[in-house]
Every structure is written in C-alpha cells, then in structure tokens.
1. Kindly indicate whether any position in region 220-232 is more than 17 Å from the chain's Cα centre (by Cα) and in a helix (DSSP H, G or I).
2. Residue by residue through region 81-134, note down the ones that are in contact with a strand residue (DSSP E or B) (Cβ under 9 Å, 6 or more places away or on another chain) and touching a residue at least 40 places away in the same chain (Cβ under 8 Å).
3. Of the residues in region 143-201, how many are aliphatic (A, V, I, L, M), free of Cβ contacts under 8 Å to residues at least 24 places away in the same chain and in a helix (DSSP H, G or I)?
4. Condition test on PRO92, is it outside any helix (DSSP H, G or I), of a type outside the set (Ser, Thr, Tyr), within 24 Å of TYR220 (Cα to Cα) and touching an Asp or Glu at 6+ places or on another chain (Cβ under 7 Å)?
5. Select from region 39-65 the residues that are loosely packed, with under 15 Cβ neighbours inside 10 Å and charged (D, E, K, R) and write down the one among them that is farthest from PHE9 (Cα to Cα).
6. Is it the case that SER69 is more than 21 Å from LEU33 (Cβ to Cβ), out of contact with any Asp or Glu (no Cβ under 8 Å at 6 or more places or on another chain) and either surrounded by 14 or more Cβ atoms within 10 Å (Cβ to Cβ) or of a type in the set (Ser, Thr, Tyr) (or both)?
7. With the requirement that a residue be farther than 25 Å from PRO155 by Cα and among the hydrophobic types (A, V, I, L, M, F, W, C), what does region 77-98 give you?
8. Does TYR74 meet the test of being of a type in the set (Phe, Trp, Tyr), assigned to a helix (DSSP H, G or I) and either modelled with pLDDT of 95 or more or more than 22 Å from the chain's Cα centre (by Cα) (or both)?
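The values are calculated or read from the model by the stated rules, or taken from the named source; none is laboratory data. This structure is a prediction, so every number in the text was calculated from the model and none was measured. Please note: Cβ atoms are built from the backbone with ideal geometry, for glycine as well, and neighbour counts cover all protein chains shown.
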Amino acid sequence: MRYLGFFGFLLILTGEGLSFFPILPWAHYVFPLFWYGYILVLDSLNYRLRGTSLLSDRRREFLLMLPISALYWYVFESYNLIIENWVYLNTPEEKWIEITMKFVSFATVIPAFYETADLLTVILRTGEGLRVRPLIPSNWRGISLTLGLLLSILPLLLPKFFFWSVWLGVFFIIDPVNDRLRRSSILSDWHSGDLNRTAIFLVAGYICGFFWEFWNFWAYTKWIYTVPIPEMPQIFEMPILGFLGFGPFGLETFAFWTLIWRGDKDAN
C-alpha cells in the first residue's frame, strides 16, 4: 500500500503534463489519469491516517463501485440528452475509444467521493458537535418520495426551467427507501438532528467538484456548460450557481451507493 500514493501522484503529474502540452492521442486520456491518481493518493492517506481504506480492506466494495459508478453517471448523461447542460469537446474520433474512455472515466465518480469522505471523517471529527433539534417532521418519507418524483420528472417536461432538479430528484427518491431498508439515511439523520454525515458528504461533494472543474479547465478533451442561466461569475468552466450543486450531488451519491451496497443505520 505504501507505493500506491506515489504512483497516484505520478498519474496526476502525467495528466498535468498532457493538459499543458497536449500530445495526441494521449491528451484524450487525462481524465482517467487525474481521477485514478486522486483515488490512489487519497486511499494511501486514508490507510496512513485511519489504518484502513477502500483498497486495503474493502476491495470487493471498491471493485463493485467501478462499474456501478459508470452506470450511475449514465443516468445523468441520459438526462443531459434532454436538458443539454453540457457538451464534450475534442473526444477521440473512434467511437469505440470514446465510449470506452467515458466508461472508464465515469467509473471514478463514486470511489472518488468515498475516498474523500473517508479522509474527511478523520479531518472533521465532530463527535456531538453537529447535533441539533430535529429538522424535519416524522412523516418525511412520503413527502420526500413525492418531492423526488416531481424533481425527477419535471426536467423531462420543462428542461429549461427544471434542469437543476436532476441533482436532487434521485436523492429524495432513494433516501427514504434506504431508511425503510434500515440502511443509513441522510433524511433520517435530519429527523434525529444528526448532521455529521450530511456535513461530510456535502464537503466531499464540493472538494470533488473543485477538482473536476480544475482539471477539466485546462484539459484537451473536456466538457463545457450550456446551462440556460444569465451570465455570472464562474469557477473554472462552471457557473457559480451550478457549482453549488456539487454538495447535494454528494448527498445523492451517498444515498445511491448505500442502496446498492449496504449501510448500517447507525454508522457514519
């Protein structure tokens, strides 16, 4: 495990070099270099700081994360066929290479979130510090499911007005299902007044979002946004209002993976 972090750092450096000095066809492949490098670096840090990590102790979970993560992101790619919020530039001419590289790249989404969240559990140890009064009523499950269905359907009907709700609908549908299955649930935490898990996955969302946008900005093969909103300051390619969505996306990713894998209702 001691060399994984160093190897990950080399992958990131290689990606940086190909971003600033694009050599084709290799410049097409910087996204996997960055994000598999990121995962390896954080996994190494987690192992050093926590004595455990995805790759050292949860390899079956990690290996399952990869294909499921790609399929998870394809949900949003499917929505994007209608809402048209982003487009890819300079993709490989060979379609099979483009499809393969997208699948390999999308496979990093969930592992990157969980490596980040695991590291944050060490850095943001809050104990009882994020306990408050219950934030939502006891009938939250039905309200959440109804809201989730609305937020998932409206982008298909009114994409120019509800393009943003794509990043909330899946969460409000899945989270109460997790609670019914006696798995970890963000909204159940809110009902009990526990915001620790919420804080960890919100921050993980913004950290991953920052690096997604940072590495995308200088890349040769990249995406740009076509969101139908007024001109405003940007964080790299992302309008600042859009960047705020990375936090809720972190909660959504937690809910999705908890449904697929498992989650002790009392675990953080």
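1. Looking only at region 220-232, we keep the residues that are more than 17 Å from the chain's Cα centre (by Cα), and these are 220-222, 224-232.
Next, from what is left, pick out any that are in a helix (DSSP H, G or I): none.
So far as region 220-232 goes, no, none of its residues is more than 17 Å from the chain's Cα centre (by Cα) and in a helix (DSSP H, G or I).
2. ASN85, TRP86, VAL87, TYR88, LEU89, ASN90, LEU130, ARG131, VAL132, listed by residue number.
3. Of all residues in region 143-201, those aliphatic (A, V, I, L, M) come to 143, 145, 147, 149-151, 153-154, 156-158, 166, 168, 170, 173-174, 177, 181, 186-187, 195, 199-200.
Keeping just the survivors that are free of Cβ contacts under 8 Å to residues at least 24 places away in the same chain gives 143, 150-151, 153-154, 157-158.
Cutting the leftovers down to in a helix (DSSP H, G or I) gives us 143, 150-151, 153-154, 157.
Here the count works out to 6.
4. Numbers: outside any helix (DSSP H, G or I): yes; of a type outside the set (Ser, Thr, Tyr): yes; within 24 Å of TYR220 (Cα to Cα): yes; touching an Asp or Glu at 6+ places or on another chain (Cβ under 7 Å): yes.
Taking the combined requirement at face value, the residue satisfies it.
5. Looking only at region 39-65, we keep the residues that are loosely packed, with under 15 Cβ neighbours inside 10 Å, and these are 48-52, 57, 59-60, 63.
Narrowing further to those that are charged (D, E, K, R): 48, 50, 57, 59-60.
Numbers: ARG48: 16, ARG50: 20, ASP57: 21, ARG59: 21, ARG60: 24 Å.
Here the residue is ARG60.
6. Numbers: more than 21 Å from LEU33 (Cβ to Cβ): no; out of contact with any Asp or Glu (no Cβ under 8 Å at 6 or more places or on another chain): yes; either surrounded by 14 or more Cβ atoms within 10 Å (Cβ to Cβ) or of a type in the set (Ser, Thr, Tyr) (or both): yes.
Considered against the rule, which asks whether it is more than 21 Å from LEU33 (Cβ to Cβ), out of contact with any Asp or Glu (no Cβ under 8 Å at 6 or more places or on another chain) and either surrounded by 14 or more Cβ atoms within 10 Å (Cβ to Cβ) or of a type in the set (Ser, Thr, Tyr) (or both), SER69 comes out as no.
7. First pass over region 77-98, keeping only residues farther than 25 Å from PRO155 by Cα: 90-98.
Correct list: TRP96, ILE97.
8. Numbers: of a type in the set (Phe, Trp, Tyr): yes; assigned to a helix (DSSP H, G or I): yes; either modelled with pLDDT of 95 or more or more than 22 Å from the chain's Cα centre (by Cα) (or both): yes.
So TYR74 fits the description; yes.
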